[in-house]
Amino acid sequence: VSSDELLLRYIWYEVDMNNNGRIDRRELKRVMKRINISHKGSLKTDYRAFVQNECMESRRELAKAYHRGLDYRGCLSFIRLHKSRSGVWDILFGKNTEQVTADIFLEKFLHGKQHEYSATLLDANVIFAQLHGTGMCNSPRNKEKDGSRLSIDRSLFDIFLHSAANDAYDPASLEFDKDTMNYSLSEYFINSSHNTYLMGDQLKVSMKTVCVLCAHYSQDAKEENIVPDR
């Protein structure tokens, strides 16, 4: 569950002034203020455009939906849509682009921006499937007519940017494989105690780089079940 969803759950009954289980435009203003989102532009205009986009029916039905307000899922969608207008999206895909398919996402973002050249179209499709699993993809526009290809919009892209899936830290980097260590030892970070370089008690002895080497070879010996030659 995202932080946006938790915050909205926490304040829902407080901001739903008429207790009808929906959030109208005036109540939505309170929501944005409570969760500290600075909305740029006209909230009234954006609210109407959002309702119209979700409703896609006659003017009479649109008017009813406008006054009826947003349910929990709709309110959450509006918050995420307006929480962050990602400049990355505008640069990569264009300001007027509403939807991006996995192949474009792979080409322009994963390869072009992130330089993750080992990523494949399958990887991009897995990311899209996970984003669709957030429950933010109720609109039929997120799929082709035959349902074969997924796509994401700006709000889902922003969710991905701030998710653990896009974290700069890669847990796989901690996996040791000596066959891939083709550089000198000075080119690597060594995951060890800050006292590894000491010859003995930290207050009385000298420091030697050989201590680090011994620790490294000792660990290597444990993995290979051999005794290091010192």
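All of the numbers you see were taken from the coordinates with simple rules; none came from a lab. Note that the structure is a prediction, hence the values are computed from the model and not measured. Cβ sites come from the backbone with ideal geometry, for glycine too, and all protein chains shown count toward neighbours.
Would you mind calculating the gained length between Lys178 and Gln99 on full extension (0.36 nm times residue separation, minus the Cα-Cα distance), in nm to one decimal?
24.1 nm
Taking a cut-off of 10 Å, what percent of all Cα-Cα pairs in segment 1-41 are separated by more than that?
Beyond 10 Å sits 71 percent of the P(r) for segment 1-41.
I want to make sure I understand the PRE zone here: with the label point 7 angstrom from the Cα of Ser163 toward its beta carbon, which residues in segment 64-80 have backbone N atoms less than 18 Å away?
Under 18 Å, as judged by backbone N against the label point of Ser163, lie 76-80 of segment 64-80.
Could you go through segment 87-104 in sequence order and give the Karplus-derived ³J(HN,Hα) for each residue, using 6.51 cos²θ - 1.76 cosθ + 1.60 with θ = phi - 60°, rounded to whole Hz, and x for Gly and Pro?
x, 4, 4, 4, 5, 7, 10, x, 4, 8, 7, 9, 10, 10, 8, 4, 5, 5
I need the calculated FRET efficiency for the pair Arg25 and Glu116, taking r as the beta carbon distance and R₀ as 30 Å, to the nearest 0.05.
Efficiency, from the Cβ-Cβ distance: 0.15.
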